[in-house]
Amino acid sequence: MYQNAQNTTKKLFASLLALAFAALLALAGCAGDSTAADNADAQDAAAAAAEQNGTSAEGDAAGADAAEAKVTVSVTMPEGADAASENVEVTVPAEGTVYDALVATGWDVQAEDGDYGKYVTSINGIANGSEGEMSGWVFTVNNEQVMEGCDVCKLADGDTVEWTFFV
């Protein structure tokens, strides 16, 4: 009987220790994160300070070109779709997002706000779920997967955004 109580105590202690360690790792991982609101506040403060000093936030050498970025946006439609795949170069404001660039194409874009930002639900009439339950739109920037919402992911001059319908 004493042996069973001792084993149960050891298991409980090990479980609590593992839980405490996991919590410590989670808190340590969050310590360096800054939110989009924090970043926006910092950018607003920098712009206000630059305005008071009579300079631009990007610096005088950056000039007017820094106020916008030219990016290429492409959309790859699923096989047999009623809409064609397209490729367009657009201009977005400096610090423009993937979503800004998609909207700038003039294509018919439908989106919803989700837990992780804007979620594109349809491009040119091709809607998520139309080719099966798990089908939908995904994007890459410069051929790399992005792990943030399209309305959060910032673009720079020369970037390439590709929207692909995943089936």
With the structure loaded, tell me whether V146 is in contact (Cβ under 8 Å) with a residue 40 or more places away in the chain and over 20 Å from T76 (Cβ atoms) or whether it fails that test. no
Filter the stretch 98-118 down to residues that are of a type outside the set (S, T, Y) and part of a loop (DSSP other than H, G, I, E, B) and give me whichever is surrounded by the most Cβ atoms within 10 Å (Cβ to Cβ). W107
Quick count over the stretch 128-139, residues being surrounded by 15 or more Cβ atoms within 10 Å (Cβ to Cβ) and not charged (D, E, K, R), is 5
Between E79, E95, E89, which is part of a strand (DSSP E or B) and not hydroxyl-bearing (S, T, Y)? E89
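All of the numbers you see were taken from the coordinates with simple rules; none came from a lab. Since this is a predicted model, take the numbers as computed values, not measurements. Ideal geometry is used to build each Cβ from the backbone, glycine not excepted, and the neighbour counts take in all protein chains shown.
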